[in-house]
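Undergrad: Here's a structure for you.
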Amino acid sequence: MKRNIDQLAIFGGTPLFDEPLHVGSPNLPPRDQLYSRIDRILDNRWLTNNGEMVQEFERRICELLGVRHCIATVNGTAGIEIAIRAAGLSGEIIVPSFTFVATAHAVEWLGLEAVFCDIDPATHNLDPSRVEELITDRTAAIMGVHVWGRPCDLDALAEIAARRRLHLLYDAAHAFGCSSEGGRHLGNFGDAEVFSFHATKFVNCFEGGAVVTNDDDYAERMRLARNFGFCGKDNVIALGINAKLSEVCAAMGLCSMDMMEDVIAANERNYADYRELLGGVPGIRFIDYDPGIRNNFQYAVAEVDADAFGLTRDELVTLLDAERIIARRYFYPGCHQLAPYADRRDWSLPHTEAVANCVVSLPNGLQTGADDVARVAGLISFLQSHADAVTNRLAELAR
Ligand code: T4K
């Protein structure tokens, strides 16, 4: 642990960690389990195109979530695109700006327009009371994002979508294994929901995603869209692309699902430790997970109040980075401040900007042990108690 600020890595001291401690470090399954599934894939000589691993993966997801259909995809972004395309949408889709840029890019990639709505600063999710004022005669859909796996205001969004006859989608990239307030798994809401199984996600397929829905016809259209529109061997009955998940990726997803309870337990333990160890540190406030709602605790996210903490969120991230703690500013900046959206309108998204300017995601997952959490928390606490001196030295460095 650091005893004085000269020992901070940014001022020439030895970094706290020998190896980088990453947010998003993949949770890896036991290798023998993955290798045995890969052996089976190679023995079968069936590498992709709806093989047995993909079918098992889809079946397991349906069983876990209690949802009728799962269409596994090459990644979450392609899943969103398929869900939009198969619904025949055109015009505008209302989305939050406080999300990974894939949410908006998927909309625009298909030639529709992403219209950004502000969030509720308490939940970091789409604010339903702001959605309605953005609806125009070009609006085709609302797409909520369950940020940090915490459910959107499902009832309010469903009510608006039904009354205004809009399609309702959820980007559930963060929300695999999470539930709604009533205990029903996310994946059962709106017209369809889309998960990401990217390497950095709580359950991963290397790269992967899935669309889930309880609508039989919609599911069929999405299956066609995922595979060039093929219906049988030589018959193409719809426009489609190639968004198929490969067998080896599905195998990784299955092994990853096998250990998901262990990952949740580790994530929750780390999150609880961070909260406890940093509970008394002024200016650091961890987001809450409602004890009555199931979450995967993948995201150990805190808001930094620069006045109370003594350093800005960005200074904190820079200082942590020097110590090889690779914290992330998810999601900074808001999508509306990125190309191609920034100059399009005079966006007014004050809550999005305030939250994007203060959040920090800290390392979590199987790669982050209790000792790592204690060292990260100890460092953050040290930085707060020496904030004035650190600020002065940072200013000297900048000169
Ligand atoms: N919607 C939402 C709300 C999302 O969060 C995402 C994805 C999507 C949609 C789209 O789903 P996909 O099409 O991706 O399935 C990362 C991920 O690439 C992205 O999947 C994820 N969200 C986003 C939140 O995080 P970057 O640009 O931050 O990635 P990168 O390369 O900086 O890596 C993140 C951290 O993880 C780094 O600290 C390094 C570490 N890492 C990463 C990889 C790939 C590892 O330690 N090992 C690895 O293999 O986007």
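Undergrad: State which residue is surrounded by the most Cβ atoms within 10 Å (Cβ to Cβ) when the search covers only the stretch 295-307 and only residues that are in a loop (DSSP other than H, G, I, E, B) and in contact (Cβ under 8 Å) with a residue 60 or more places away in the chain.
TA: Going residue by residue through the stretch 295-307, those that are in a loop (DSSP other than H, G, I, E, B) are 295-299, 305.
From what is left, the residues that are in contact (Cβ under 8 Å) with a residue 60 or more places away in the chain are 295-299.
On the way: 295: 25, 296: 21, 297: 24, 298: 27, 299: 23.
So the residue we want is 298.
Undergrad: Which residues, taken from the stretch 74-101, are farther than 15 Å from residue 173 by Cβ, buried (at least 23 other Cβ atoms within 10 Å of the Cβ) and touching a Gly at 6+ places or on another chain (Cβ under 8 Å)?
TA: The answer is 97, and nothing else.
Undergrad: Can you report the number of residues in the stretch 165-184 which are part of a strand (DSSP E or B) and in contact with a Gly (Cβ under 6 Å, 6 or more places away or on another chain)? So that I can check it myself, show each step before the final result.
TA: Start the filter on the stretch 165-184 by keeping residues that are part of a strand (DSSP E or B), which leaves 167-171, 179.
Then keep just the ones that are in contact with a Gly (Cβ under 6 Å, 6 or more places away or on another chain); that gives 168-170.
The total comes to 3.
Undergrad: While we're looking at this one, here's another question. Against the condition within 16 Å of the ligand (Cβ to nearest atom) and assigned to a helix (DSSP H, G or I), how does residue 94 come out, does it pass? Step through it out loud before you land on a result.
TA: Working: within 16 Å of the ligand (Cβ to nearest atom): yes; assigned to a helix (DSSP H, G or I): no.
For residue 94, the condition - within 16 Å of the ligand (Cβ to nearest atom) and assigned to a helix (DSSP H, G or I) - is not met.
Undergrad: Being away from the ligand (no atom under 16 Å from the Cβ), free of Cβ contacts under 8 Å to residues at least 40 places away in the same chain and not basic (Lys, Arg) is the requirement here; does residue 219 meet it? Before the answer, list the steps.
TA: Numbers: away from the ligand (no atom under 16 Å from the Cβ): yes; free of Cβ contacts under 8 Å to residues at least 40 places away in the same chain: no; not basic (Lys, Arg): yes.
No.
Undergrad: Hey, among the residues in the stretch 123-153 that are within 16 Å of the ligand (Cβ to nearest atom) and among the β-branched types (Val, Ile, Thr), which one's surrounded by the fewest Cβ atoms within 10 Å (Cβ to Cβ)?
TA: So in the stretch 123-153, the residues within 16 Å of the ligand (Cβ to nearest atom) come out as 123-126, 141-152.
Then drop every residue that is not among the β-branched types (Val, Ile, Thr), which leaves 123, 142, 145, 147.
Values: 123: 17, 142: 28, 145: 27, 147: 28.
Among them, the one singled out is 123.
Undergrad: Confirm whether residue 206 is closer than 30 Å to residue 25 by Cβ, among the aromatic types (Phe, Trp, Tyr) and either free of Cβ contacts under 8 Å to residues at least 12 places away in the same chain or surrounded by fewer than 21 Cβ atoms within 10 Å (Cβ to Cβ) (or both).
TA: Working: closer than 30 Å to residue 25 by Cβ: yes; among the aromatic types (Phe, Trp, Tyr): yes; either free of Cβ contacts under 8 Å to residues at least 12 places away in the same chain or surrounded by fewer than 21 Cβ atoms within 10 Å (Cβ to Cβ) (or both): yes.
For residue 206, the condition - closer than 30 Å to residue 25 by Cβ, among the aromatic types (Phe, Trp, Tyr) and either free of Cβ contacts under 8 Å to residues at least 12 places away in the same chain or surrounded by fewer than 21 Cβ atoms within 10 Å (Cβ to Cβ) (or both) - is met.
Undergrad: Now for a different question. Name the residue that is farthest from residue 397 (Cα to Cα), counting only residues in the stretch 15-40 that are within 16 Å of the ligand (Cβ to nearest atom) and part of a helix (DSSP H, G or I).
TA: Taking the stretch 15-40 as the starting set, the residues that turn out to be within 16 Å of the ligand (Cβ to nearest atom) are 15, 17-29, 31, 34.
Adding the requirement that they be part of a helix (DSSP H, G or I) leaves 31, 34.
Values: 31: 46, 34: 48 Å.
Per the criteria, the residue is 34.
Undergrad: Then there is this: Please tell me if residue 297 is over 27 Å from residue 29 (Cβ atoms) and away from the ligand (no atom under 15 Å from the Cβ). Before you say what the answer is, go through the steps one by one.
TA: Values: over 27 Å from residue 29 (Cβ atoms): no; away from the ligand (no atom under 15 Å from the Cβ): yes.
No, not satisfied.
Undergrad: Is it the case that the stretch 238-256 has a residue that's in the same structural domain as residue 63 (by TED's automatic domain parsing), more than 17 Å from residue 55 (Cα to Cα), away from the ligand (no atom under 16 Å from the Cβ) and without any contact (Cβ under 8 Å) to a residue 12 or more places away in the chain?
TA: Within the stretch 238-256, not a single residue is in the same structural domain as residue 63 (by TED's automatic domain parsing), more than 17 Å from residue 55 (Cα to Cα), away from the ligand (no atom under 16 Å from the Cβ) and without any contact (Cβ under 8 Å) to a residue 12 or more places away in the chain.
Conditions (1) in contact with an Asp or Glu (Cβ under 9 Å, 6 or more places away or on another chain); (2) within 26 Å of residue 241 (Cα to Cα); (3) more than 16 Å from the ligand (Cβ to nearest atom), marked per residue:
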{"site": "13", "(1), (2), (3)": "yes, no, yes"}
{"site": "42", "(1), (2), (3)": "no, yes, yes"}
{"site": "55", "(1), (2), (3)": "no, yes, yes"}
{"site": "69", "(1), (2), (3)": "yes, yes, yes"}
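Undergrad: Residue check: is residue 143 of a type in the set (A, V, I, L, M, F, W, C) and not in a strand (DSSP E or B)?
TA: no
Undergrad: Within the set of pairs 6 or more residues apart or between chains, which connect a residue that is among the polar types (S, T, N, Q) inside the stretch 280-294 to a residue that is modelled with pLDDT of 95 or more with Cβ atoms less than 9 Å apart?
TA: That search, which allows pairs on different chains as well, returns nothing.
Undergrad: Restricted to the stretch 209-242, and to residues that are surrounded by fewer than 19 Cβ atoms within 10 Å (Cβ to Cβ), small (Gly, Ala, Ser) and at pLDDT 95 or above, which residue is nearest to residue 89 (Cα to Cα)?
TA: Per the stated criteria, the residue is 238.
Undergrad: List the pairs whose first member sits in the stretch 343-371 and is on the phi < 0 side of the Ramachandran plot, whose second member is away from the ligand (no atom under 14 Å from the Cβ) and in a loop (DSSP other than H, G, I, E, B), and whose Cβ atoms are under 6 Å apart, counting only residues at least 6 apart or on separate chains?
TA: 349/118; 351/118; 351/121; 352/118; 355/121
The values are calculated or read from the model by the stated rules, or taken from the named source; none is laboratory data. This is a predicted model, so every value here is computed, not measured. Heads up, the Cβs are rebuilt from the backbone with ideal geometry, glycines too, and the neighbour counts pull from every protein chain shown.
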